[in-house]
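Read the structure below first, then the notes.
The values are calculated or read from the model by the stated rules, or taken from the named source; none is laboratory data. If you're wondering where the values come from, they're calculated on a predicted model, not measured in any experiment. Every residue, glycine as well, gets a Cβ built from its backbone with ideal geometry; the counts of neighbours run over all protein chains shown.
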Amino acid sequence: MNDVATTPARRPLKLRLMLLVYGTPNIAGCVLALAGPALLFAGVIGPGWGWITLGLYATGWVAGGLVGNTPEVERRIADTMTVSQTLEHLDDVIARVQSHLTEEMRQRLASVRGSVAEVLPRLLAARSHDADLFTVRETVLRYLPETLANYVTLPAAFRLSQVLKDGKTARQLLTEQLSLLDEKLQEIVANVSGANAQALVANGQFLEMKFRQPDFLAR
């Protein structure tokens, strides 16, 4: 599987500048810096207003950095855990990113969690589905946490406004991916229950193809 993500160091300069511009520190700095010219026109300050404006920007930058800290999200859940431990860690990952997600995303993740709780014990018990178990575990334990972690590291304004792949923003891409994951896991649950091995293989291949590149900024 190709799991090479586009690291910040490899990203084009233009993209790195855009992430900087859309970042919370810069937005907070710009908003606070507007007070400089306003105070000048109001007659509150005079000479040296430029330095005061620069100081206000720096203050806003620092404050924005403190407020807009990206949550530490576990990018991979160990595959040696029991089912209960796996679900525990998955719950922790989801809880950390909740505030950055839309209601539809949260609902999809809740459904994904329910499917994982149902299908993992069954796949573990059915030794004939080792390949499917591997795909499901890789998707849930590795690709899903990494995808969520990559999403929350993007500035909020950037997620909403910048078109990335296929003419879609990061928010639209994540919504689409979570919808696909939810639907495919529901199908896997149904196929495991009905012992439909052929459909299981097809769904496993689909998951591997769709989720092996978790970086929204990778082309």
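Hey, can you tell me all the residues within segment 166-185 that are surrounded by fewer than 17 Cβ atoms within 10 Å (Cβ to Cβ) and without any contact (Cβ under 8 Å) to a residue 24 or more places away in the chain? So that I can check it myself, show each step before the final result.
Within segment 166-185, the subset surrounded by fewer than 17 Cβ atoms within 10 Å (Cβ to Cβ) is 166-168, 172, 176, 179-180, 183.
Selection gives D166, G167, K168, Q172, E176, E183.
Test L39 against the stated conditions and say whether it is farther than 25 Å from V152 by Cβ and at pLDDT below 85. Break it down stepwise before answering.
Numbers: farther than 25 Å from V152 by Cβ: yes; at pLDDT below 85: yes.
So L39 passes the test.
If we scan segment 69-77, do we find a residue that is more than 13 Å from L144 (Cβ to Cβ), assigned to a helix (DSSP H, G or I), not assigned by TED's automatic domain parsing to the domain that holds N26 and not aliphatic (A, V, I, L, M)?
To start, the set of residues in segment 69-77 that are more than 13 Å from L144 (Cβ to Cβ) comprises 69-72.
Still in the list and also assigned to a helix (DSSP H, G or I): none.
Checked against the condition, which is being more than 13 Å from L144 (Cβ to Cβ), assigned to a helix (DSSP H, G or I), not assigned by TED's automatic domain parsing to the domain that holds N26 and not aliphatic (A, V, I, L, M), segment 69-77 yields no hits at all.
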Study note, to complete from the structure: Filtering segment 138-168 for residues that are farther than 22 Å from V93 by Cβ and outside any helix (DSSP H, G or I) leaves a count of 7
